[in-house]
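Participant: First the structure, which I've put down as structure tokens, then a few questions once you've had a look.
Bear in mind these aren't lab numbers, they're just calculated from the coordinates by the rules spelled out. Since the structure is predicted, the reported quantities are computational estimates derived from the model, not experimental observations. Using ideal geometry, Cβ is built from the backbone for each residue, glycine included, and neighbour counts are taken over all protein chains shown.
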Amino acid sequence: MDKNEKAELFSGFLDDKNIADITVIDVSEVYTECDLFIIGTALNERNARAVCDYVEEKAEENGFVKNGIEGYDEGKWILMDYSDVIVHIFIRSERTLFNLEKLWSSGRFLDMRSRIKEKNQEA
């Protein structure tokens, strides 16, 4: 599976749970630890944990091995490490505070909206 397919898959997991402001950044040219950051905003801490559980389940079903999860107990910023894909689930205040989009602005932003929309229309 190439990184565009991974981006589509993981952003689709977030979209399945109606996560807001899904952003995908290809950081492969500027960061050696992974290829993709998938970022989304949850309604609150409880919602963030529920989305994390869902992503974990769906990723496993698709053969992805989780290296770790950080921030689950607090639920304000959950980071899910799948080696070449890092999923960030924020609550709004934390996303605004840390502003990963600005921090990683040298990465390439991928537009997944049309792909997610097509996937939803096929379902």
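Participant: Mind putting a number on the dipole of the chain about its Cα centre? Charges go on the C-beta only, +1 for Lys and Arg and -1 for Asp and Glu, and I need it in Debye to the nearest 20.
Facilitator: 460
Participant: Could I ask something else about it? When each pair of different Cα atoms in region 42-86 is counted once in the 1/r mean, what is the Kirkwood radius in angstroms, to one decimal?
Facilitator: 10.6
Participant: A follow-up question, please. With viscosity set to 1.002 mPa s and temperature to 20 °C, compute the Stokes-Einstein D of the chain, Rh being the Kirkwood radius across alpha carbon pairs; µm²/s, no decimals.
Facilitator: Once the numbers are plugged in, D ends up at 150 µm²/s.
Participant: Report the label-to-label distance for residue 50 and residue 79 in nanometres (one decimal), using points 7 Å from each Cα along the Cα→Cβ vector.
Facilitator: 2.6
Participant: Give me, ordered by chain and number, the residues 5 or more places off residue 109 or on other chains with an amide H under 5 Å from its own placed amide H.
Facilitator: 26
Participant: Right, next: Rank 19, 36, 62 by how far each Cα sits towards the positive end of the charge dipole of the chain (+1 on Lys, Arg Cβ; -1 on Asp, Glu Cβ) and give me just the farthest.
Facilitator: Of the candidates, 19 comes out farthest on the positive side.
Participant: For the chain, compute the number of Lys pairs whose alpha carbons are separated by less than 21 Å, excluding pairs fewer than 8 positions apart on the same chain.
Facilitator: Taking the Cα cut-off of 21 Å, the pair count is 19.
Participant: Can you run phi through the Karplus equation (6.51, -1.76, 1.60; θ = phi - 60°) for region 21-34 and list ³J(HN,Hα) in whole Hz, with x for Gly and Pro?
Facilitator: Here the 3J(HN,Hα) series is 6, 5, 10, 10, 10, 7, 9, 4, 8, 10, 9, 8, 7, 7 Hz.
Participant: OK, next. Give me the one-decimal nm value for the distance between modelled label points at residue 60 and residue 106, 7 Å along each residue's Cα-to-Cβ direction.
Facilitator: Inter-label distance under the simple model: 3.7 nm.
Participant: What is region 1-62 by shape, rounded, prolate or oblate, if you read a ≥ b ≥ c off the alpha carbon gyration tensor as root eigenvalues and call it rounded for a/c under 1.5, prolate for a/b larger than b/c, and oblate otherwise?
Facilitator: Verdict is prolate for region 1-62.
Participant: Ranked from highest to lowest mean number of other Cβ atoms within 10 Å per residue, what is the order of the peptides 50-61, 79-90, 101-112?
Facilitator: 79-90, 50-61, 101-112
Participant: May I ask you to derive the FRET efficiency for residue 30 and residue 5 from their Cβ-Cβ distance with R0 = 35 Å, giving the value to the nearest 0.05?
Facilitator: Calculated value: 0.95.
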